[in-house]
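Undergrad: Take a look at this one; I'll ask things after.
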Amino acid sequence: MSYEVEMKFPLNDTKHFVPLLRGVGAEESETQTHIDRYFNHPAKDFAESDEALRLRSIGDKNVITYKGPKIDLVTKTRQEIEVDFERGAEGVIQLAQVLTLLGFRESLTVHKTRRVFHLDWHEREVEVLLDNVEGLGEYAEIETIALEGDQDVAKECVLSLAEKLGLEESERRSYLRILIEKSGSSS
């Protein structure tokens, strides 16, 4: 079982943050456009269970992701399962139809542009993601993947890098949750 260990921080100015990233050895690999369609379960409220089901499109690539409840009080460590599915817009339309026919309800779509940086930190592969989220602004996410029993080491790695980069006041809510709360609607 694998876990995503993540922390997210609002940013005021990515122009000044990028040199800090490069100073710790981060290398930029790509810029992506994400369209994330979230669905809620027909028999339970994912907002209450702290879970998520997302269809993500990055260009022509499509991925369905299940995110389990957070398992610690500081980071956003949670089980994450991702599965690629049919490429292109038609694949997303068809899978969304299947989910809807099974009783899932589409909650909201989150649009963002993501700059992806990679580095090794404390002998772990880490990604730092600079997100510009439509309707919310700019954020930095630090994440690494941990296996069962390795979550505490991964958490310390993420916390250490956040401190080195001067990131404070992490945001534990998902972009989806922030947008829902901002709009005043329910999931």
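The values are calculated or read from the model by the stated rules, or taken from the named source; none is laboratory data. Predicted, not measured: the structure shown is a model, and the values here were computed from it. Counting neighbours? That spans all protein chains shown, and the Cβs are built from the backbone with ideal geometry, glycine included.
Undergrad: Inside segment 99-127, can you point out the residues that are among the aliphatic types (A, V, I, L, M), without any contact (Cβ under 8 Å) to a residue 40 or more places away in the chain and surrounded by 12 or more Cβ atoms within 10 Å (Cβ to Cβ)?
TA: Passing the criteria: only 126.
Undergrad: State whether the residues of segment 13-28 include one that is in contact (Cβ under 8 Å) with a residue 60 or more places away in the chain and assigned to a strand (DSSP E or B).
TA: Yes; the residues of segment 13-28 include at least one that is in contact (Cβ under 8 Å) with a residue 60 or more places away in the chain and assigned to a strand (DSSP E or B).
Undergrad: Of the residues 183, 160, only one is among the polar types (S, T, N, Q), modelled with pLDDT under 95 and surrounded by fewer than 18 Cβ atoms within 10 Å (Cβ to Cβ); which?
TA: 183
Undergrad: What are the pairs with Cβ atoms under 6 angstrom where one residue, in segment 160-187, is within 21 Å of residue 113 (Cβ to Cβ) and the other, located anywhere, is part of a helix (DSSP H, G or I) and at pLDDT 95 or above? Sequence gap at least six, or different chains.
TA: 165/20
Undergrad: Looking for something closer than 20 Å to residue 45 by Cβ and either in contact (Cβ under 8 Å) with a residue 60 or more places away in the chain or touching a helix residue (DSSP H, G or I) at 6+ places or on another chain (Cβ under 6 Å) (or both) - is there at least one such residue anywhere in segment 82-98?
TA: Taking segment 82-98 as the starting set, the residues that turn out to be closer than 20 Å to residue 45 by Cβ are 96.
Restricting the remaining residues to those that are either in contact (Cβ under 8 Å) with a residue 60 or more places away in the chain or touching a helix residue (DSSP H, G or I) at 6+ places or on another chain (Cβ under 6 Å) (or both) gives none.
Within segment 82-98 (the criterion being closer than 20 Å to residue 45 by Cβ and either in contact (Cβ under 8 Å) with a residue 60 or more places away in the chain or touching a helix residue (DSSP H, G or I) at 6+ places or on another chain (Cβ under 6 Å) (or both)), the answer is no, since none of the residues qualifies.
Undergrad: Picking from 87, 124, which residue would you name as being modelled with pLDDT of 95 or more and either in contact with an Asp or Glu (Cβ under 6 Å, 6 or more places away or on another chain) or among the β-branched types (Val, Ile, Thr) (or both)? Before the answer, list the steps.
TA: Working: 124 fails: either in contact with an Asp or Glu (Cβ under 6 Å, 6 or more places away or on another chain) or among the β-branched types (Val, Ile, Thr) (or both).
It is 87.
Undergrad: Moving to a separate point now. If we keep just the residues of segment 74-98 that are buried (at least 16 other Cβ atoms within 10 Å of the Cβ) and out of contact with any Lys or Arg (no Cβ under 9 Å at 6 or more places or on another chain), which is nearest to residue 58 (Cα to Cα)?
TA: 91
Undergrad: Would you check if residue 130 is surrounded by 14 or more Cβ atoms within 10 Å (Cβ to Cβ), among the hydrophobic types (A, V, I, L, M, F, W, C) and modelled with pLDDT of 95 or more?
TA: yes
Undergrad: State yes or no: is residue 39 touching a helix residue (DSSP H, G or I) at 6+ places or on another chain (Cβ under 9 Å) and farther than 28 Å from residue 170 by Cβ? Break it down into steps so the answer makes sense when it comes.
TA: Details: touching a helix residue (DSSP H, G or I) at 6+ places or on another chain (Cβ under 9 Å): yes; farther than 28 Å from residue 170 by Cβ: no.
Considered against the rule, which asks whether it is touching a helix residue (DSSP H, G or I) at 6+ places or on another chain (Cβ under 9 Å) and farther than 28 Å from residue 170 by Cβ, residue 39 comes out as no.
Undergrad: Can you tell me which of (1) part of a strand (DSSP E or B); (2) within 20 Å of residue 41 (Cα to Cα); (3) over 12 Å from the mean Cα position of the chain (by Cα); (4) not aliphatic (A, V, I, L, M) is the one residue 70 doesn't meet?
TA: If we test residue 70 against (1) part of a strand (DSSP E or B); (2) within 20 Å of residue 41 (Cα to Cα); (3) over 12 Å from the mean Cα position of the chain (by Cα); (4) not aliphatic (A, V, I, L, M), just (1) comes out false.
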